[in-house]
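To start, the structure under review is shown below, and the notes come after it.
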Amino acid sequence: MRVDGEILGLAFDVEDVAEFLRRAGLEIAPEEVATSSLIDWRGVGPEHWGPETAD
């Protein structure tokens, strides 16, 4: 996860995202992470956590 270009770490769920943002000075509840316009999801988004699987 990056905030303003700085790598903060690897998030494994929305609670991790909320914690990284809190450490960066932005209070956001885990339940708001998926819908926040402040977050630019790249890839599949907040509903998927884990490695990609090929069919």
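Taking the criterion of being in a loop (DSSP other than H, G, I, E, B) and either exposed (fewer than 13 other Cβ atoms within 10 Å of the Cβ) or within 8 Å of the chain's Cα centre (by Cα) (or both), the residues of region 1-23 that qualify are Met1, Asp4, Gly5, Gly9, Leu10, Ala11, Phe12, Asp13. For region 3-15, filtered to residues that are farther than 11 Å from Ile39 by Cα and touching a helix residue (DSSP H, G or I) at 6+ places or on another chain (Cβ under 9 Å), the residue that is modelled with the highest pLDDT is Glu15.
Scanning region 27-55 for residues that are among the aliphatic types (A, V, I, L, M) and either exposed (fewer than 13 other Cβ atoms within 10 Å of the Cβ) or on the phi > 0 side of the Ramachandran plot (or both), we see that the one that is modelled with the lowest pLDDT is Ala54.
The values are calculated or read from the model by the stated rules, or taken from the named source; none is laboratory data. Remember, predicted model here, so these are calculated numbers, not experimental data. Every residue, glycine among them, receives a Cβ derived from its backbone with ideal geometry; neighbour counts consider all protein chains shown.
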